[in-house]
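S.K.: Encoded as structure tokens, here's the structure I'll be asking about.
The values are calculated or read from the model by the stated rules, or taken from the named source; none is laboratory data. Just so you know, these numbers come straight off a predicted model, no measurement behind them. Here the Cβ positions follow ideal geometry from the backbone for every residue, glycine too, while neighbour counts run over all protein chains shown. Ligands, DNA and RNA are excluded from the accessible area calculation, which covers all protein heavy atoms including side chains. Shrake-Rupley method; radii C 1.70, N 1.55, O 1.52, S 1.80 Å.
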Amino acid sequence: MADDISKERVMHVADLARLHITDEEAEKLAEELRSIIKHAEQLKELDTTNVEPTTHVIQLENVMRKDEPRTDWITQEEALKNAPDHKDGQFRVPSILSE
Amino acid sequence: MSLFDHSIKELEEKLHNKEISVQDLVKASLDRIKEVDDEIQAFITLDEENAMKQAKELDESSEEKSLFGLPIGLKDNIVTKDLRTTSGSKILENFNDPLYDAEVVEKLKEQKTVTIGKLNMDEFAMGSGTEYSAYKKTKNPWDTDRVPGGSSGGSAAAVAAGELKFALGSDTGGSIRQPAAFCGVVGMKPTYGRVSRFGLVAFASSLDQIGPITRTVEDNARVLEVIAGHDEKDSTSANLEVPVFTDALTKDVAGLKIAVPKEYFGEGVAQEVKDAVRAAIEKYESLGATCEEVSLPHSKYALSTYYILASAEASASLARFDGVRYGVRAENVEDMIDMYKRSRSENFGEEVKRRIMLGTFALSSGYYDAYYKKAQKVRTLIKNDFEQIFEEYDIILGPTAPTTAFKLGEEMDDPVIAYANDVLTIPVNLAGVPAISIPCGFSSEGLPIGLQIIGKHFDEAMVYRAAHAFEQATDFHKQRPDIGGAAK
């Protein structure tokens with residue numbers, strides 16, 4: 001499957017990852033990913049038919065709390081303090097709908 | 001002699017007897033930084049003014065607490081309220097006003113430690129030489145042509161060079177233990193869940209742990225006692241009582257059963273490293289422990305498993321850097337998608353982009369089962385290997401890294417060098433068990449070699465006990481790098 005990693009495939013993955021890459025970078029990344037994935041093909045040697053996947057090594061339990069706002073944590077003003085752009089108490093981003 | 005040649009316990013006594021003041025300690029730290037850090041380059045951000053001000057206030061109070069008044073440093077992926085936190089990345093270069101302290105920082109502040117600054121690291125902790133920092137290249141105090149290791153290279157170098165009493169690092173695949181080994185200091189990666197990750201900039205959330213880097217095992221145990229414990233703000237933090245780790249430092253290892261995995265002495269491991277670790281094993285036997293060769297048969301699959309799982313998790317963790325709520329936003333963008341893409345592409349480094357790409361690929365439709373899910377299953381096999389050994393043995397011993405510190409630039413030229421460097425530390429993160437690196441010798445070139453001691457889940461006490469017994473029976477931890485002149 002490593003050989004399936006074409007430049008086009010890499011461009012598609014970059015789009016999913018919200019990265020902008022040039023043609024040249026895509027060529028280079030395709031080569032690098034092919035070599036990393038080729039190495040990872042070794043995992044296929046192992047029979048894992050009855051093996052459960054591990055997502056976390058320790059037993060986890062859902063942690064619940066009441067759905068109440070924590071006003072002692074941060075204020076709206078503070079939440080905007082590090083934002084590149086904000087207006088009227090909200091984060092400001094470029095328009096997402098064309099006119 | 002530097003003030004930092006005294007143990008934490010001795011410094012606490014000196015403070016109590018008014019032989020020294022907190023201002024003396026903080027000044028000693030700042031003076032040493034002035035003397036050596038132009039060369040070492042361990043810090044991304046220094047907080048000199050606040051540190052002196054705080055020291056003065058502490059001298060006017062008469063509190064007595066563990067770690068009180070000690071000058072410390074934090075890896076720059078540990079969030080500090082109102083103090084710039086970059087995670088080694090350009091995308092956070094303007095993140096000057098974080099809104100809260102990480103849980104570990106809150107715990108240290110309760111003890112009244114003094115934060116001197118934030119320490120250099122590979123961008124988002126991805127790397128083994130601290131060369132992937134967007135800010136600077138940290139040098140190894142033992143040989144400034146060499147890397148300090150990574151990703152917590154700033155933390156290990158600063159402690160080794162005597163710039164701080166201790167530092168915190170983070171370890172996802174070896175990022176505390178490998179730099180500790182390269183710099184000849186003590187670095188502990190606690191059991192997954194032992195220390196809260198609240199306020200640690202996430203790299204791979206099922207693997208990341210914060211831990212202490214110190215000069216001695218006793219100091220290390222004292223710091224972990226303070227930063228460990230349950231935190232309701234981290235759902236993966238374990239609700240278990242934290243033992244008094246320093247009580248375990250009995251110097252006695254008689255009767256302990258020690259496992260030595262043959263896979264940890266394979267082809268890629270340098271002869272000098274093998275020799276030093278073999279000598280350490282003999283030392284344990286002379287102290288009354290029993291050492292036996294064992295096998296961790298799935299070790300060779302750990303590297304692939306790790307790169308798939310850690311990159312997949314990283315691709316999700318780093319999705320938050322989108323130029324909206326904090327961090328750098330690209331200018332003159334066309335639309336929203338263009339803003340995301342350009343903010344990220346222009347401000348993430350090459351290695352970070354490579355891993356986001358690998359992770360997104362492994363999670364993408366058609367590849368998820370073949371790579372991601374497969375890796376999660378192999379992770380179970382790796383974890384089972386460790387559990388089986390621990391049914392019979394108390395600890396596992398091996399080298400921390402296959403080589404001593406490599407030269408600056410070597411990792412950049414050949415990523416394989418860097419990836420292979422993590423091969424002995426990665427299985428520990430995949431299994432979630434605790435492990436420490438302590439000095440166990442020097443190469444013919446005078447570079448430190450690290451001994452890795454791995455324990456059962458939540459049995460850091462046993463790891464510390466074994467580490468301390470070896471340290472007290474040897475002199476490696478007393479060696480100092482020859483930097484900034486002697487007689488300090």
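S.K.: What percent does the relative contact order of chain A come to when contacts are Cα pairs within less than 8 Å and at least six residues apart?
M.R.: On the way: 32 pairs, mean separation 17.8, N = 99.
Reported as a whole number, the value is 18 percent.
S.K.: Going through segment B:33-89, which trypsin sites (Lys or Arg not before Pro) have at most 14 other Cβ atoms within 10 Å and a DSSP loop state?
M.R.: For trypsin sites (Lys or Arg not before Pro) across segment B:33-89 that sit outside H, G, I, E and B with at most 14 neighbouring Cβ atoms in 10 Å, the list reads B:65.
S.K.: Spelling out what I want: for every residue of segment B:293-307, take phi, set θ = phi - 60°, compute 6.51 cos²θ - 1.76 cosθ + 1.60 (Karplus), and round to whole Hz; glycine and proline get x.
M.R.: Values per residue, Gly and Pro as x: 6, 9, 10, 10, x, 8, 3, 5, 8, 5, 4, 4, 4, 4, 5 Hz.
S.K.: Additional query: In sequence order, what are the phi-derived ³J(HN,Hα) couplings for segment B:391-403 according to the Karplus relation 6.51 cos²θ - 1.76 cosθ + 1.60 with θ = phi - 60°, rounded to whole Hz, with x for glycine and proline?
M.R.: Values per residue, Gly and Pro as x: 5, 10, 10, 8, 9, 10, 10, x, x, 7, 10, x, 9 Hz.
S.K.: What do you get for trypsin sites (Lys or Arg not before Pro) in segment B:147-245 restricted to DSSP loop and a cutoff of at most 11 other Cβ within 10 Å of the site's Cβ?
M.R.: Details: sites: B:165, B:177, B:194, B:197, B:215, B:222, B:233; in loops: B:165, B:194, B:197, B:215, B:233.
Within segment B:147-245, no trypsin sites (Lys or Arg not before Pro) qualify (loop, at most 11 other Cβ atoms within 10 Å).
S.K.: Would you grab the residues whose amide H sits under 5 Å from the one on residue B:166? Only those 5+ places off in sequence or on another chain, please, with H modelled 1.01 Å from N.
M.R.: Amide H to amide H, under 5 Å and 5 or more residues apart or across chains, residue B:166 pairs with B:73.
S.K.: Still on this structure, I have one more. Tell me which aspartates and glutamates have Cα within less than 13 Å of residue B:300's Cα, excluding those fewer than 8 residues away on the same chain?
M.R.: Residue B:300 reaches A:41, A:45, B:263, B:267, B:385, B:422.
S.K.: Let me ask you something else. For segment B:100-209, calculate the relative contact order in percent as a whole number, restricting contacts to Cα pairs under 8 Å that are 6 or more residues apart.
M.R.: 24
S.K.: Would you mind checking the pairs B:18/B:136; B:233/B:478; B:75/B:283; B:81/B:189 and listing those with alpha carbons more than 30 angstrom apart?
M.R.: Beyond 30 Å: B:18/B:136; B:233/B:478; B:75/B:283.
S.K.: Determine the distance separating the Cα centre of segment B:267-316 from the Cα centre of segment B:102-165; give it in Å without decimals.
M.R.: 24
S.K.: Please work out the Cα center distance from segment B:369-388 to segment B:10-69, rounded to the nearest Å.
M.R.: Segment B:369-388 and segment B:10-69 have Cα centres spaced 45 Å from each other.
S.K.: Among the listed pairs B:257/B:377; B:109/B:137; A:28/B:262; B:107/B:251; A:38/B:407; A:87/B:56, which have their C-alpha atoms separated by more than 32 angstrom in this model?
M.R.: In this structure, A:28/B:262; A:87/B:56 lie more than 32 Å apart at Cα.
S.K.: Give me the percent relative contact order of chain B, please, defined on Cα pairs under 8 angstrom at least 6 residues apart.
M.R.: That works out to 18 percent.
S.K.: While we're looking at this one, here's another question. Show the residues, 5+ positions off or on another chain, whose built amide H is closer than 5 Å to the amide H of residue B:44.
M.R.: Those qualifying (amide H under 5 Å, at least 5 residues apart or on another chain) are B:118, B:119, B:120.
S.K.: Using θ = phi - 60° and the Karplus form 6.51 cos²θ - 1.76 cosθ + 1.60, what ³J(HN,Hα) does each residue of segment B:427-439 get, whole Hz, x for Gly and Pro?
M.R.: Per residue, the Karplus-derived 3J(HN,Hα) values read x, 4, 5, 4, 7, x, 7, x, 7, 10, 10, 10, x Hz.
S.K.: For residue B:395, list long-range residues whose amide hydrogen, built 1.01 Å from N in the peptide plane, is under 5 Å from its own amide hydrogen.
M.R.: B:257, B:259
S.K.: Related question: Looking only at other chains, what is the average number of their beta-carbon atoms within 10 angstrom of each beta-carbon in A:21-29?
M.R.: Mean partner-chain Cβ count within 10 Å for A:21-29: 2.
S.K.: Sorted by accessible area with a 1.4 angstrom probe, largest first, how do B:313, B:285 fall?
M.R.: B:285, B:313
S.K.: Still on this structure, I have one more. Please give the residues of segment B:296-337, grouped as numeric ranges, whose backbone N is less than 19 Å from a label point set 7 Å along the Cα-to-Cβ vector of residue A:78.
M.R.: B:325-327
S.K.: Can I ask one more? Cut-off under 19 Å on the C-alpha distance; same-chain residues fewer than 8 positions from residue A:7 excluded. Which aspartates and glutamates are left, in chain and number order?
M.R.: By straight Cα distance, residue A:7 reaches A:15, A:23, A:24, A:25, A:27, A:31, A:32, B:350, B:351.
S.K.: Enter the accessible area of residue B:218 (Å², nearest 10), with the probe set to 1.4 Å and all protein chains included.
M.R.: 50
S.K.: Exactly which GluC sites (Glu not before Pro) in segment B:62-126 are in a DSSP loop and have at most 11 other Cβ atoms within 10 Å?
M.R.: Loop-located and lightly packed - B:63, B:64.
S.K.: Got a number for the accessible area of residue B:245? Probe 1.4 Å, square angstrom, nearest 10.
M.R.: We get 0 Å² for residue B:245.
S.K.: Rank these residues by their accessible area, most exposed first, probe 1.4 Å: B:139, B:27, B:353, B:90.
M.R.: Values: B:139 50, B:27 110, B:353 25, B:90 85 Å².
Sorted descending by solvent-accessible area, the residues read B:27, B:90, B:139, B:353.
S.K.: Using only Cα atoms, tell me the angle between helix A:7-16 and the longest principal axis of chain A; keep it within 0 to 90° and round to the nearest 10.
M.R.: 20
S.K.: Quick check: with the 1.4 Å probe, what order do B:122, B:394 take by accessible area, largest first?
M.R.: Solvent-accessible surface, decreasing: B:394, B:122.
S.K.: Return the Rg/Rh ratio of the protein assembly as shown with Cα-based radii and a Kirkwood Rh. Numbers along the way, then the final one.
M.R.: On the way: Rg = 23.3 Å, Rh = 24.3 Å.
So for the protein assembly as shown, dividing Rg by the Kirkwood Rh gives 0.96.
S.K.: Next question, about the same structure. Round to the nearest 0.05 the FRET efficiency obtained for residue A:2 and residue B:82 when R0 = 35 Å and r is the Cβ-Cβ distance. Show your work: numbers first, answer last.
M.R.: Numbers: r = 47 Å, r/R0 = 1.35.
It comes to 0.15.
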